[in-house]
1. Is it fair to say Ile456 is within 21 Å of Glu36 (Cα to Cα), modelled with pLDDT of 95 or more, touching a Gly at 6+ places or on another chain (Cβ under 7 Å) and surrounded by 17 or more Cβ atoms within 10 Å (Cβ to Cβ)?
2. Within region 269-281, can you find the residues that are outside any loop (DSSP other than H, G, I, E, B) and touching a residue at least 24 places away in the same chain (Cβ under 8 Å)?
3. Is there a residue being more than 21 Å from Arg96 (Cα to Cα), assigned to a strand (DSSP E or B) and touching a Leu at 6+ places or on another chain (Cβ under 9 Å) anywhere in region 117-124?
4. Return the residues of region 144-160 that are in contact (Cβ under 8 Å) with a residue 12 or more places away in the chain and over 14 Å from Phe94 (Cα atoms); say none if nothing qualifies.
5. Could you pull out the residue among Glu301, Glu264, Glu292 that is of a type in the set (Asp, Glu), within 27 Å of the chain's Cα centre (by Cα) and either loosely packed, with under 14 Cβ neighbours inside 10 Å or not in a loop (DSSP other than H, G, I, E, B) (or both)?
6. In region 216-235, how many are under 27 Å from the mean Cα position of the chain (by Cα), surrounded by fewer than 20 Cβ atoms within 10 Å (Cβ to Cβ) and within 24 Å of Glu288 (Cα to Cα)?
7. When you go through Asn262, Asn247 one by one, which is the residue that is polar (S, T, N, Q), modelled with pLDDT under 95 and out of contact with any strand residue (DSSP E or B) (no Cβ under 6 Å at 6 or more places or on another chain)?
8. Being without any contact (Cβ under 8 Å) to a residue 40 or more places away in the chain, aromatic (Phe, Trp, Tyr) and on the phi < 0 side of the Ramachandran plot narrows it down to one residue among Tyr95, Tyr35, Tyr110; which is it?
Amino acid sequence: MKKRGILFLFILPSVLFAQQIVVSEDIPLRNDAAYELIGELKGNMLLFRDQNFTYEVQGFNDQMRMTWTKDIELDKRSPKVLGIATSKEDFTVFYRFRDKGNTILKAHKYDPAANLIDSVTIYDFGFLFFTPGFEIIRSEDRSKALIYYIEKQETLRAFSYDVDSMHLLWDKSIPLEDFSYNQDFQQMMVDNAGNMHMILSRDNFRSRRKPHHYEVIEYNGGSAQFNNYRVSMENRLTYDVYFNYDNLNKKLVAGGLYSEKNPERALGLFYLNVDPKNPKDRTLKFLEFDTEFISNVKGKEVDKNKGLTELSVQEIVLRRDGGILLIAEQNRHLERLGGNSGRFYDSGRFNTDYYYDELFVVSIHPDGQEHWKTILHKKQYSQDDEGMYSSYFLFKTPSNLRFLFNDEIRPENTVSEYVVNGRGDFDRNSLLSTENLELRLRFRDAIQVDANRIVIPSERRNRLKLVRLEY
């Protein structure tokens with residue numbers, strides 16, 4: 001077992017940066033199906049472990065030493081954990097199980113020591129001929145959870161649950177007309193009041209037999225009212241998009257990339273905000289890429305806007321004034337047949353290469369006009385790892401955004417960050433080296449504890465470590 005270590009790293013000479021790194025002991029994963037960082041409660045960092053047939057929570061103190069382990073007792077008839085919601089004082093485990101042939105949805109609430117506080121049966125579905133593919137999402141303030149599944153691509157079953165009071169706010173069956181999940185489903189959201197916002201992408205095809213548009217299905221549980229409306233994309237196609245609900249300004253907002261004739265090339269950005277109470281009150285603006293921006297992303301000169309490829313909108317950050325920061329990343333994965341001789345029959349399996357490269361951040365005003373944009377360069381390559389060590393983690397503070405990432409995807413590596421301020425200016429800093437620390441950091445699965453601390457899981461050779469970085 002590795003002893004915990006504390007590492008101080010100073011970067012000179014221009015500005016003095018200091019980080020404290022605390023690393024836990026090795027945690028053998030054995031036959032774990034999954035694990036999840038619950039968060040910090042009462043000074044302990046909690047880790048949830050799904051070990052296929054059993055579940056447990058482990059507590060780590062301020063020095064990241066494991067101080068206790070507790071089994072989580074769920075109903076014994078094939079329980080399946082769906083997700084966890086955390087508040088400042090407790091955490092809730094959502095799961096399904098079967099009892100006498102019936103499918104039952106349930107929630108357990110636990111205190112910071114993983115002692116059971118309360119248990120609620122959310123819904124008894126009775127006997128079903130199938131196992132629902134439940135999905136669970138949380139509201140921005142973590143106070144509400146929306147649990148849903150789609151039955152036979154014809155009906156949406158949705159349940160809005162108040163995590164704090166352990167009360168089912170509403171459940172609803174919603175018919176879906178002319179619906180194909182793979183083609184039409186875009187995103188599901190729940191706001192801080194427990195209302196549902198479902199986004200469907202309609203007719204996003206090159207043939208354009210019908211104009212491309214978004215269909216928004218909203219359900220207000222308090223008034224038991226539906227709101228269904230369309231948003232036209234004005235003769236453009238969507239390359240990629242991310243929606244969010246702005247709880248402060250009570251608007252549905254989106255940031256995305258659009259294309260025209262060639263759906264595989266993004267020609268620019270678009271920004272959308274809609275007032276759900278008055279859908280005609282909306283702003284939709286398209287911002288075409290300029291050639292200088294495309295040249296900077298590609299790293300070579302271009303003479304006209306032929307668009308960008310292999311992009312994903314990773315997230316949007318809401319501004320208090322109703323604007324957004326759109327964050328996109330160049331990434332792709334390629335499959336190739338394994339073997340070294342070049343003969344197709346030498347290997348029966350494919351290798352998959354993962355590339356996660358440049359990020360770009362665009363700040364957009366509430367009227368849809370561009371405020372600023374900047375490109376954050378990085379190059380990440382890995383093979384057959386699902387890209388789990390690639391991409392970045394966004395660490396948010398009141399004054400700036402920090403993009404933390406592995407410089408290279410290998411055991412001995414340097415961790416870097418981009419610090420972006422409210423004007424789009426940025427600095428790149430080296431944070432630490434993992435040499436001789438036996439760390440492989442999974443930034444995509446990290447959690448932010450507060451304005452100064454982040455906890456990152458490190459997974460290497462079937463062993464887990466928890467790494468706390470404190471500024």
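1. no
2. Scanning region 269-281 gives Leu269, Phe270, Tyr271, Leu272, Asn273, Val274, Asp275, Pro279.
3. Within region 117-124, none of the residues are more than 21 Å from Arg96 (Cα to Cα), assigned to a strand (DSSP E or B) and touching a Leu at 6+ places or on another chain (Cβ under 9 Å).
4. Tyr149, Ile150, Glu151, Gln153, Glu154, Thr155, Leu156, Arg157, Ala158 - these are the residues of region 144-160 that are in contact (Cβ under 8 Å) with a residue 12 or more places away in the chain and over 14 Å from Phe94 (Cα atoms).
5. Being of a type in the set (Asp, Glu), within 27 Å of the chain's Cα centre (by Cα) and either loosely packed, with under 14 Cβ neighbours inside 10 Å or not in a loop (DSSP other than H, G, I, E, B) (or both) holds for just one of Glu301, Glu264, Glu292, which is Glu264.
6. Number satisfying all stated conditions: 3.
7. Just a single option satisfies the conditions, and that option is Asn262.
8. That would be Tyr95, the only listed residue that is without any contact (Cβ under 8 Å) to a residue 40 or more places away in the chain, aromatic (Phe, Trp, Tyr) and on the phi < 0 side of the Ramachandran plot.
The values are calculated or read from the model by the stated rules, or taken from the named source; none is laboratory data. What you are looking at is a predicted structure, and each value in this text was computed from that prediction instead of being measured. Please note: Cβ atoms are built from the backbone with ideal geometry, for glycine as well, and neighbour counts cover all protein chains shown.
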